[in-house]
1. Using θ = phi - 60° and the Karplus relation 6.51 cos²θ - 1.76 cosθ + 1.60, list the HN-Hα couplings for segment 34-51 in order, rounded to whole Hz, with x at every Gly or Pro.
2. If you take the square roots of the eigenvalues of the alpha-carbon gyration tensor of segment 6-93 and sort them as a ≥ b ≥ c, do you get rounded (a/c under 1.5), prolate (a/b over b/c) or oblate?
3. Under a crude label model (7 Å from the Cα following the beta-carbon direction), how far is residue 38 from residue 76 in nanometres?
Amino acid sequence: MDLSGTWTGSYSGPYNGTFTLTWSQTGSNLDGTIHLSSPASSPHISGTVSGSAISFGAVGVVTYTGTVSGSSMSGSYTDLANSQTGSSSANKS
């Protein structure tokens, strides 16, 4: 499954907003940037995909775990600063 490209989605929980995720995939490794609407930031992210399971994050900022099915993904995130969790979903553009 090739996840390379641009994904757009939304998140809710301790933070609510939208995001655009752009990454490249080499084997099972993911690398890219996520642009968050609130709080506004664009951290570098890296992660892995194994079958339909995906995990990625920005070092010291946030971690995300979820599942991918075709051109959609959904899961949960953890804000590492305060250990609060929320949910998110995205679709490949």
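Where a number appears in this text, it was derived from the coordinates with a stated rule and is not lab data. Since the model is a prediction, treat every value here as computed from it, not as a measurement. Virtual Cβ from ideal backbone geometry, glycine too; neighbours counted across all protein chains shown.
1. Running phi through 6.51 cos²θ - 1.76 cosθ + 1.60 with θ = phi - 60° gives 10, 9, 9, 7, 8, x, 5, 6, 9, x, 6, 10, 9, x, 9, 10, 9, x Hz.
2. Note, shape of segment 6-93 comes out rounded.
3. With each label point 7 Å from Cα toward Cβ, the separation is 2.2 nm.
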